[in-house]
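Asks: Next up is a structure, given as structure tokens.
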Amino acid sequence: QVQLVESGGGLVQPGGSLRLSCAASESQFRFSLMAWYRQAPGKQRDLVATISSSGSTNYADSVKGRFTISRDNAKHTVYLQMNTLKPEDTAVYYCKSRLLATDYWGQGTQVTVST
């Protein structure tokens, strides 16, 4: 069973930055496709960014140029650097790991962008 623990969420003003972290328990982390999703109140969970085992990245159009996903295989950790945050970025952010066609989810971390 893979365990994922997110951290780094919080309250930030518009235009500010946050860095989310997701620590994975799996020893095969380096083979996993990692992703960040987010879910705003009353809305579906949407994909934010992905990073493959080789480091290739993809982003939702709404965050391109503002968010950066990265990974540290030695630390079994994936990051989401979020800059120029907007109120519409407010959501619970979830980390997901895909290994051998099985998905694992973290518990989520709240990000609130507000004055």
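Asks: Select from segment 7-20 the residues that are on the phi > 0 side of the Ramachandran plot and not in a strand (DSSP E or B) and write down the one among them that is surrounded by the most Cβ atoms within 10 Å (Cβ to Cβ). Break it down stepwise before answering.
Replies: So in segment 7-20, the residues on the phi > 0 side of the Ramachandran plot come out as 8, 10, 15.
Keeping just the survivors that are not in a strand (DSSP E or B) gives 8, 15.
Values: G8: 16, G15: 10.
Here the answer is G8.
Asks: Checking the structure you have, find out if any residue of segment 35-54 is touching a residue at least 40 places away in the same chain (Cβ under 8 Å), of a type in the set (F, W, Y) and within 16 Å of L99 (Cα to Cα).
Replies: yes
Asks: A further question on this structure: Go through segment 70-87 and give me each residue that's more than 11 Å from the chain's Cα centre (by Cα) and touching a residue at least 12 places away in the same chain (Cβ under 8 Å).
Replies: Listed by number, the residues that qualify are N73, K75, H76, N83, T84, L85, K86, P87.
Asks: Those residues that are more than 19 Å from V92 (Cβ to Cβ) and either open to solvent by 10 Å² or more (accessible area, probe 1.4 Å) or touching a Gly at 6+ places or on another chain (Cβ under 6 Å) (or both), I need them from segment 21-34; list them, please. Can you show your working first?
Replies: Of the residues in segment 21-34, the ones more than 19 Å from V92 (Cβ to Cβ) are 25-33.
Within segment 21-34, S25, E26, S27, Q28, R30, F31, L33 meet the criteria.
Asks: To continue, here is another question. As an exercise: evaluate T115 against (1) surrounded by 13 or more Cβ atoms within 10 Å (Cβ to Cβ); (2) in contact (Cβ under 8 Å) with a residue 24 or more places away in the chain; (3) of a type outside the set (K, R); (4) at negative phi and give the number of the one condition it does not meet.
Replies: Checking T115 against (1) surrounded by 13 or more Cβ atoms within 10 Å (Cβ to Cβ); (2) in contact (Cβ under 8 Å) with a residue 24 or more places away in the chain; (3) of a type outside the set (K, R); (4) at negative phi, the one that fails is (1).
The values are calculated or read from the model by the stated rules, or taken from the named source; none is laboratory data. Since this is a predicted model, take the numbers as computed values, not measurements. Note: ideal-geometry Cβ built from the backbone for every residue, glycine included; neighbour counts use all protein chains shown. Accessible surface is based on the protein model in full, side chains and every heavy atom, while ligands, DNA and RNA are left aside. Shrake-Rupley method; radii C 1.70, N 1.55, O 1.52, S 1.80 Å.
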